[in-house]
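So the structure is just underneath, and the comments pick up after that.
The values are calculated or read from the model by the stated rules, or taken from the named source; none is laboratory data. Keep in mind it's a predicted model, so treat the numbers as computed, not measured. Note that each Cβ is placed from the backbone with ideal geometry, even for glycine, and that neighbours are counted across all protein chains shown. Protein only, heavy atoms only, side chains kept; ligands, DNA and RNA dropped before computing areas. Shrake-Rupley method; radii C 1.70, N 1.55, O 1.52, S 1.80 Å.
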Amino acid sequence: QKEVEQNSGPLSVPEGAIASLNCTYSDRGSQSFFWYRQYSGKSPELIMSIYSNGDKEDGRFTAQLNKASQYVSLLIRDSQPSDSATYLCAVNNAGNMLTFGGGTRLMVKP
Amino acid sequence: DAGVIQSPRHEVTEMGQEVTLRCKPISGHNSLFWYRQTMMRGLELLIYFNNNVPIDDSGMPEDRFSAKMPNASFSTLKIQPSEPRDSAVYFCASSMDRGQPQHFGDGTRLSIL
């Protein structure tokens with residue numbers, strides 16, 4: 001079983017819709033959670049960090065964390081074609097390193 | 001502020017040759033990470049350093065791979081001898097400390113013929 005799991009997608013949403021990206025993790029001791037965006041041929045770029053249960057909003061992005069369910073999600077409101085990318089979930093593990101999920105490919109169609 | 005700087009951006013070489021990838025972390029960051037990314041295996045952690053000391057190299061695929069961090073502003077990842085299956089994008093990332101957000105360089109796209 002992978003430590004951090006994501007649906008590989010592709011997740012296809014129409015422009016203007018809400019895109020919902022999900023991630024589950026296995027290490028109950030994890031304390032820090034991150035979302036990275038990776039455009040094709042580019043490096044991962046940090047877009048959100050979340051450390052406590054609940055929601056954290058930053059512009060069109062909302063990260064949601066539920067430690068009891070070991071679940072973290074990223075919502076993208078008013079999706080734009082420029083949001084089309086692979087989104088990587090990263091979780092810190094017991095060794096205080098980040099473990100990355102396999103990523104979800106998002107496609108926003110005009 | 002300058003981000004993580006990697007060189008070269010692209011490397012094409014023949015099987016059996018030595019390959020050296022270079023990384024300059026963000027100034028003030030104590031932790032440095034080397035990753036490899038392929039379509040099949042995704043993003044894999046190869047090795048990480050904390051305060052210039054290698055902490056965990058369990059991700060290094062085999063003895064052909066070695067990494068050094070002689071000072072806080074420079075690290076190398078070396079493959080000798082290189083093989084076609086080493087072809088991948090190699091990323092270097094740094095963070096202020098372990099568990100903190102990591103910031104990635106632009107990567108080195110390595111092709112071994």
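Here the stretch B:93-113 is the region considered, the condition is being in a strand (DSSP E or B) and closer than 15 Å to B:Arg36 by Cβ, and the residue that is nearest to the other protein chains (Cβ to nearest Cβ) is B:Phe104.
Do we have A:Gly29 as over 23 Å from B:Gly105 (Cβ atoms) and part of a loop (DSSP other than H, G, I, E, B) here? For A:Gly29, the condition - over 23 Å from B:Gly105 (Cβ atoms) and part of a loop (DSSP other than H, G, I, E, B) - is met.
Filtered by the rule that a residue be in contact with an Asp or Glu (Cβ under 8 Å, 6 or more places away or on another chain), surrounded by 13 or more Cβ atoms within 10 Å (Cβ to Cβ) and within 17 Å of B:Pro101 (Cβ to Cβ), the stretch B:5-28 gives a lone residue, B:Ile26. If a residue has to be within 14 Å of chain B (Cβ to nearest Cβ) and part of a strand (DSSP E or B) to count, how many in the stretch A:100-110 make the cut? Of the residues in that region, 3 qualify. Among residues of the stretch A:32-58 that are farther than 14 Å from A:Asp83 by Cβ, those with a beta-carbon under 7 Å from a residue that is of a type in the set (Phe, Trp, Tyr) and not in a loop (DSSP other than H, G, I, E, B) at least six positions away or on a different chain give the pairs A:Ser43/B:Phe91; A:Ser43/B:Phe104; A:Pro44/A:Tyr36; A:Pro44/B:Phe104; A:Leu46/A:Phe34; A:Leu46/A:Tyr36; A:Ser49/A:Phe34; A:Ile50/A:Phe33.
Scanning the stretch B:57-86 for residues that are open to solvent by less than 60 Å² (accessible area, probe 1.4 Å), without any contact (Cβ under 8 Å) to a residue 24 or more places away in the chain and under 30 Å from B:Gly28 (Cβ atoms) returns B:Gly59, B:Met60, B:Phe65, B:Ser66.
Residues of the stretch A:41-52 that are more than 13 Å from the chain's Cα centre (by Cα) and at pLDDT 95 or above: A:Lys42, A:Ser43. Can you spot a residue in the stretch B:21-33 that is within 24 Å of B:Pro81 (Cβ to Cβ) and of a type in the set (Phe, Trp, Tyr)? There is no residue in the stretch B:21-33 that is within 24 Å of B:Pro81 (Cβ to Cβ) and of a type in the set (Phe, Trp, Tyr). Does B:Phe49 count as over 24 Å from A:Arg37 (Cβ atoms), aromatic (Phe, Trp, Tyr) and open to solvent by less than 30 Å² (accessible area, probe 1.4 Å)? Against the criterion (over 24 Å from A:Arg37 (Cβ atoms), aromatic (Phe, Trp, Tyr) and open to solvent by less than 30 Å² (accessible area, probe 1.4 Å)), B:Phe49 qualifies. Remark: B:Arg36 matches the filter, which requires a residue to be modelled with pLDDT of 95 or more, among the charged types (D, E, K, R), surrounded by 17 or more Cβ atoms within 10 Å (Cβ to Cβ) and under 26 Å from A:Gln6 (Cβ atoms).
Scanning the stretch A:34-55 for residues that are part of a loop (DSSP other than H, G, I, E, B) and open to solvent by less than 10 Å² (accessible area, probe 1.4 Å) returns a single hit, A:Pro44.
Restricting attention to the stretch A:78-110, the residues being more than 14 Å from the chain's Cα centre (by Cα) and of a type in the set (D, E, K, R) number 2.
In the stretch A:1-33, of all residues being among the hydrophobic types (A, V, I, L, M, F, W, C), farther than 12 Å from A:Gly103 by Cα and open to solvent by less than 50 Å² (accessible area, probe 1.4 Å), the one that is nearest to the other protein chains (Cβ to nearest Cβ) corresponds to A:Phe33.
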